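The values are calculated or read from the model by the stated rules, or taken from the named source; none is laboratory data. Quantities reported herein were computed from a predicted structural model and do not represent experimental measurements. With ideal geometry, Cβ positions are generated from the backbone for all residues, glycine too; neighbour counts draw on all protein chains shown.
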Amino acid sequence: MVSALEDDAFADNAFPAAVADRVEHGARFVGLFATSAPGGTRILAVLARGHAIEQEALLLPAGRTRYPGLAQRVPAAEWYERAILDLHGLEPTGRSRPDPLVFPLRSGAGWPRPTAGGPPRPTDPDPPSPPPSLQGEGVFTIPYGPVRSGVFEAVEYLVETPGEDIPHLRTRVFYKHRGIEKRFEDMSIDDGVLLAERYEGVASVAHAMAFCGAVERVAGVEIPPAAGAVRVVHAELERIANHLDSTVRHVEGAGQAVAFARFSLHKERVMRLRGQLSGSRFGRGVIVPGGVSGAPGLGGAELLQAVDRLEKAIRADCRLLLATPSFVDRLRGTGVVSPELAARYTLVGPVGRASGQHEDVRVSRPYAAYGHLGQPLAEPRSDGDALTRLHVRFDEMWGSFHLLRQAADDLDRTEADRTEADRTGRGTGSPWRNAVGPVSGEALGWAEAPQGEVAYLVELHEGSLVHARVRSASFHNLAAFALAFPHDILTDFAFIEASFGLSIAGASG
Amino acid sequence: MPWITRGLSEGIVTTRYPRRPDGYGPDFHGTLLVDPGRGVDRATERAIGECPTGALSVVDGQVEVDRGRCVLCGRCATLQPEVFRFDPSFDHSTIGRSALHVRGGAEDEETLAWIRSGLARRTKALRRSVHIRHVDAGSDGSEEWEIAALTNPVYDVGRLGIFFTASPHHADILLATGVGTVGMATPLRTTYEAMPHPKVVIAAGVDAASGGMVGPGYASRGGIGDVVPVDVYVPGSPPSPFGLLHGILLAVGLVGTAGNRGTTGRPGGRADRPRPQGTHPQGPASAVEPGDRTEAGEA
Ligand code: SF4
């Protein structure tokens, strides 16, 4: 449904009411996006119900900069409203003016405003850092970052200690905002997928799949079955690599030197396998609109062997790690995200699944080859602490291995079919990629990244991009991060950060 | 003590690089090579036009690839495989930005072996450990993974006397990643200024060299070059751990020869930096920098 704001009387609450009504009746809030539209700006709320996508749109006439906000009734929308204010200068009513989140520039001059037209131009001078939110006597603010100690992405954590009260954590991701959504404008779809791969570089495959999923939906193109299997292979190896990375961060924080060496070696082997399959350790260049760029560098049988070897070694070390009391004790009861909190913010990925939010778009809205592969049902969990999140990651790795084996089998069969087709001369077209024409239209694409669901809203005009809006799981889950520190911020920091496994690039755009 | 037995069970996994080359497999997209012998035909022109980052151009009738822009997407190699092809080699870091502009196939095995042995000598000759301060100035996150990989048992940079430090006051090398966001300009500059002399700056990855796919924009400076003076460029999107290691070892050479240079330079391109002289005790490795060698290969 589209609501239009006719005049300045934006007591009109039809838009938030409509979205809240859908949420109250079982729809899950996916994201809130601002795009240009004929005559002004469109604010689009995207929701999901089972396998279906639902939308509510609000048209803001040109010149209007305030709109009825959602966050009071749909808390998960809060951070989206903050990002829309930062980038588009549109302010939600019904709440106090939110803090800057992805870009702190608040003067009208040089406002990036994706869709404002014209090429991106540099902002000058550098945006100043906004002051901490709490001020007053006895308030201490301890900043950590944005240059971290150790090899981490740039982010600033402010620990605010208001007198006797419990310290409060604020996360500031805007230091590395790169302005990627603006960059998408006018790109070709082939360039667009290369940029999508770099939105959240540790989840390149998932982003490329979500972007291509949107493009393929606009074009009405199905990908060839073999391409679906290749996409699954790369997506699941990406998931395993990310979960191993999170595990490495955990054991590093706990000072487990041998476990650190072991898990970082496993991760390196996964990265090398990805490199062997695609030429890129991050699977870049594999996913293209309409399918995949070509045959994987390893045959199905070789892949199967490599996967079996990896799984055996990783399982043994995971078992040992979970039987190491000094390690497990650090995680138990640490950084608890209650099921209520997870539901309030519709948390996704392993963070959500450790707290009773079981949505997984591989199952609910299957894409690539997921629809016909048998997917293991993971044990439902809801304890919500760092240990539970680690359990979820391990469960997901076993699920990934299960999927990898089936996809490798599929590839093996494709190779056999292909040889047969070549022999009989019946082979037609590419087994890897279907053509995507210069189409126009708008669609949503999605994929289950290692961090959770990533969604792309893509509009095309004759094959080139009008706009792309990105919702990464890292951004979506960031809202709950500060709330997972109920007591002692400093002692548990490394574990809580590792157990969330968020990418700052993905959160800041 | 189960973790201890676990630690021993794999034997030696550490790579022998730089003492010995470590192949990554023939299909790895380490870098893009241009066949120098070919003129510029239709297909080549088309490939040049389709490059997503404008990394290809024609200079003096020869195709030139700017590795500071190439994101290794492979499009040119698909459109004109007779001129462009991937190569698994990874040691293409350069001193100075202009040396990333490469024509023809200058990297023969001999050159690589020569660089490697020179680098091994350098780490030895420095006779002390080298400390690296990493700063993310707007990466996509993948560069941090590859830098962190340098401490895994395969690369294990500690064995070369290379360590990461949290304090800029103890750092010799600034290893910067990312497109140079406006938000990180000041923190990056501050870190650089807090480092003692001599200091060397590495721009890790095409994002840091040119902005890569992101390029310049309202929030990106299109590389870190106008924020801090870059000495060593590591191509790749992201660079592989081997590529990073090669860049770090080049930087170690600069740390070791910095006493000869007098200054640590100023913001801007560094292609014009004074070169170490052949009389330096480190011998032939410092007599000619690899960047020069690449240019010599074209002649
Ligand atoms: S491989 Fe490099 S040079 Fe070739 S088209 Fe891609 S970015 Fe351009």
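Quick notes
- Residue A:310 being farther than 23 Å from residue A:497 by Cα, within 14 Å of chain B (Cβ to nearest Cβ) and not in a helix (DSSP H, G or I): no
- Identity of the residue in the range B:33-55, in contact (Cβ under 8 Å) with a residue 24 or more places away in the chain and within 10 Å of the ligand (Cβ to nearest atom), that ends up nearest to the other protein chains (Cβ to nearest Cβ): B:52
- Qualifying residue in the range A:282-295 (condition: in the same structural domain as residue A:211 (by TED's automatic domain parsing), assigned to a helix (DSSP H, G or I) and surrounded by fewer than 24 Cβ atoms within 10 Å (Cβ to Cβ)): no
- Qualifying residue in the range A:238-258 (condition: in the same structural domain as residue A:501 (by TED's automatic domain parsing), outside any helix (DSSP H, G or I) and under 22 Å from the mean Cα position of the chain (by Cα)): no
- Here A:282, A:174, A:263 are screened, and the one residue that is among the aromatic types (Phe, Trp, Tyr), under 30 Å from residue A:317 (Cβ atoms) and within 7 Å of another protein chain (Cβ to nearest Cβ) is A:282.
- Per this entry, residue A:301 is counted among residues that are of a type in the set (Gly, Ala, Ser), surrounded by fewer than 17 Cβ atoms within 10 Å (Cβ to Cβ) and farther than 27 Å from residue A:254 by Cα.
- Some residue of the range A:320-337 being under 25 Å from the mean Cα position of the chain (by Cα), in a helix (DSSP H, G or I) and of a type outside the set (Lys, Arg): yes
- Any hit, the range A:121-141, residues being at pLDDT 80 or above and either surrounded by 13 or more Cβ atoms within 10 Å (Cβ to Cβ) or under 23 Å from the mean Cα position of the chain (by Cα) (or both): no
- Residue identified as surrounded by 24 or more Cβ atoms within 10 Å (Cβ to Cβ), within 12 Å of chain A (Cβ to nearest Cβ) and in contact (Cβ under 8 Å) with a residue 60 or more places away in the chain among B:176, B:208, B:204: B:204
- Pairing residues of the range B:69-93 that are touching a residue at least 60 places away in the same chain (Cβ under 8 Å) and within 12 Å of chain A (Cβ to nearest Cβ) with residues that are among the small types (Gly, Ala, Ser) and not in a loop (DSSP other than H, G, I, E, B), at Cβ distances under 7 Å and at least 6 apart in sequence or on separate chains, gives B:90/B:243.
- In the set (1) touching an Asp or Glu at 6+ places or on another chain (Cβ under 8 Å); (2) under 19 Å from residue B:28 (Cα atoms); (3) at pLDDT 95 or above; (4) outside the structural domain of residue B:222 (by TED's automatic domain parsing), the condition left unmet by residue B:71 is number (1).
- Failed item, numbered, when residue B:106 is tested on (1) surrounded by 17 or more Cβ atoms within 10 Å (Cβ to Cβ); (2) at pLDDT 70 or above: (2)
- Residues being part of a loop (DSSP other than H, G, I, E, B) and more than 8 Å from the ligand (Cβ to nearest atom) - total across the range B:56-73: 4
- Annotation: of all residues in the range A:75-100 being without any contact (Cβ under 8 Å) to a residue 24 or more places away in the chain and outside any loop (DSSP other than H, G, I, E, B), the one that is surrounded by the fewest Cβ atoms within 10 Å (Cβ to Cβ) is A:82.
- Residue A:205 passes every criterion in (1) surrounded by fewer than 24 Cβ atoms within 10 Å (Cβ to Cβ); (2) touching a His at 6+ places or on another chain (Cβ under 6 Å) apart from (1).
- Residues located in the range B:138-169, provided they are facing chain A (nearest Cβ under 7 Å), touching a residue at least 40 places away in the same chain (Cβ under 8 Å) and among the hydrophobic types (A, V, I, L, M, F, W, C): B:145, B:147, B:149, B:154
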